[in-house]
Amino acid sequence: MNNYKDLKVWQKSMDLAEKVYILSTTYPKEEKYGLISQIQRSVISIPSNIAEGAGRNSNKEFRNFLGIANGSINELATQLTLSIRIGYVKENELEDIFNLITEIQKMNFTLIKKFSNF
């Protein structure tokens, strides 16, 4: 259906995943199977669901996977907010990441709207 690698939202999501994976290396080792794991699963779920949806047979299926990606965006934002609250990172350290999250979310909603018209 769509070449996911050409989608800007997928490209930005991959940038986000890279940044978040690098960030997660600064977390305490005891979080390896806790928050680090959750954060990494959430962030990789975003571009993965965009890619999977792009490979589906219909716009309706693609839209559904975009919705799942949006859920993962919200999960990630929640986990990063918790990271600030418990002192693993400072809010200003996440400013670029939160800006990228907002940008991806807007792009994702635009695609969802586009594919809702079919």
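Structure above, values below:
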read-out: Cβ-based net charge around residue 54, under 15 Å, with every Lys or Arg adding one and every Asp or Glu removing one; value: +4
read-out: Distance in nm between pseudo-label sites at residue 18 and residue 32 (7 Å out along the Cβ direction from Cα); value: 2.6 nm
read-out: Mean Kyte hydropathy of 1.0 or more with a Cα span along the axis of at least 27 Å, helices from DSSP in the chain; value: none
read-out: Sequence-distant lysines (8 or more away, or on other chains) whose Cα lies within less than 17 Å of residue 106; value: 8, 12, 114
read-out: Value at 222 nm in deg cm²/dmol, rounded to 500, when DSSP H runs of n ≥ 4 in the chain each add -39,500 (n - 2.57); value: -25500 deg cm²/dmol
read-out: Sparsely packed chymotrypsin sites (Phe, Trp or Tyr not before Pro) within segment 1-67, loop by DSSP, other Cβ within 10 Å at most 10; value: 33
read-out: Per DSSP, loop trypsin sites (Lys or Arg not before Pro) in segment 25-54 with at most 12 further Cβ within 10 Å; value: 32
read-out: P(r) weight above 22 Å for the chain, C-alpha pairs, percent; value: 32 percent
read-out: Carbon + sulfur, % of accessible area of the chain - ligands and nucleic acids excluded, 1.4 Å; value: 50 percent
read-out: Per residue accessible area in Å² of the chain, where ligands, DNA and RNA are left out and the probe is 1.4 Å; value: 59 Å²
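The values are calculated or read from the model by the stated rules, or taken from the named source; none is laboratory data. Please read all numbers here as calculations on a predicted model, not as lab measurements. Please note: Cβ atoms are built from the backbone with ideal geometry, for glycine as well, and neighbour counts cover all protein chains shown. In case anyone asks, the SASA skips ligands and DNA or RNA and just uses the protein heavy atoms, side chains included. Shrake-Rupley method; radii C 1.70, N 1.55, O 1.52, S 1.80 Å.
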